[in-house]
Structure formats: structure tokens, C-alpha cells
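Here the structure is laid out as C-alpha cells; the discussion comes afterwards.
The values are calculated or read from the model by the stated rules, or taken from the named source; none is laboratory data. Quantities reported herein were computed from a predicted structural model and do not represent experimental measurements. So basically every Cβ, Gly included, is an ideal-geometry build from the backbone, and we count neighbours across all protein chains shown.
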Amino acid sequence: MAEILDQIRIWIEQIISAMGYPGITFVMLVENLFPPIPSEVVMPFAGFLVVDGRFSLPGIILAGTLGSVLGALVIYYIGLWSNERVVRRFIRRWGKYFLLSEDDLDRALNVFDRYGEIIIFVGRLIPIIRSLISLPAGMQRMSMPKFLLFTTMGTAIWSGILGYAGVLLGENWEEILDIVDRYEKATAAVLIVLVVVFVGYRLRDMRRKRSTPRSAEVDLSQQ
């Protein structure tokens, strides 16, 4: 796996070096569609090239943001195409194997209806989910102006932080990879804890529902 990531890193550096700003836009677009391509390589390397005099900081932030927004739009339209009905059919058929029900989907959609803008904005700053967060926006048919506004804001901040880190570190830009790696591991740990809590809650809820009919039968037999 490490060899594959090293090869991806070399490929990213070659594209950016050869294509300039369009290369940054292209790679950031692809990074949104294929998360194994890390943005934490793209923007810090571009920041290093700012120090080298080949780019400007506003230029790389603009190019990186544009690529990420274009990638987010692709995922948004995938969600728009698949829509809620497809997801409901999937949950009706397979949801029990994931301890999911239509009620869970309804609650999730209600939360997104109320806090969708914040979810999109903050989600763009969180590894692992930053690309996938555009999917429910498409499913819920979030208005395009809102989606673009909050996606652009979150993406610009993420691109700006990584790009500026590359400027500060210069030739040592790869040091940012360790920092982002720890950030990603912490995010993954939090998500795992949330999944475990959800599964535990759902199993307890299922046991309660199974025991309730038995209790009702005992009450009836005693009357």
C-alpha cells in the first residue's frame, strides 16, 4: 500500500509540475472522486512551488478550490440521480444487515434539512467524509447556490491551510503529511466510536422490542 501511495505522490508532483495551475485543478477534482488520492500531497507541494517562485499562493488556493468544487458537483449530481427512493429501496432490502431502518434515514434527512449548510461547510474540513458529504446534498436537492457557497467556503479554507503549510515548510513540505495523517486517524477513531455506540444502541433497542411482546403476553394471561 505504501508503494502505491508513493507512486501516486510522484504522479501528482509530475502533473502539477508539468501542467501548472490546471494540473492542481485536475488533481484536486480527481481527489474528490477517488479519495485515495490525497489532497494533503497536492496543496502542500503546490505551496512549496510558491516558495520556488513558480506559483502564487492565491493562485494555488483558487486552483485547488476550483478542482474540489468541480469534484463535489459530480458527487452532488450522483446523489441527485440516485435520489432518496433508491436509498430507501436499498435500506428496505439490505438495511437489517447494517442495523439500519427507514426511520434512521428519515432522522438523518431531517437533520440535513435543518443543518445542511453547516454540515456541508464543516464536512469539507473533515478527512474521510469531505468528499462523500456532497452525496446527501444531492439526494436532498439542496439548492445549487447554497451548495456552491458552503462547499466553496469549506474547500477554500482546507486548500488554504494546506497550501500555506507548504509555503511555511518549503522543501520540508512533506512534514505536513504526518500532521494530516494524525488528523485523519483521530477522525477515523471518532467515527469508529460513533459507529460502535450506534450499533450498541440499536442492539439494545432490538432486544427491548423483542422482550415487549412477551411482557404483553404475560400481562394478558394474568388477567
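Would you confirm, using the coordinates I've provided, whether F34 is within 15 Å of S159 (Cβ to Cβ) and of a type outside the set (K, R)? No. Going by the conditions given, is N110 under 29 Å from I61 (Cα atoms) and at pLDDT 70 or above? For N110, the condition - under 29 Å from I61 (Cα atoms) and at pLDDT 70 or above - is not met.
With respect to F150, is the statement that it is part of a helix (DSSP H, G or I) and touching a residue at least 12 places away in the same chain (Cβ under 8 Å) true? So F150 fits the description; yes.
Yes/no matrix, rows are residues, columns are (1) closer than 18 Å to L29 by Cα; (2) free of Cβ contacts under 8 Å to residues at least 24 places away in the same chain:
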residue	(1), (2)
I120	yes, no
L132	yes, no
P136	no, no
Q140	no, no
T155	yes, no
L169	no, no
N172	no, yes
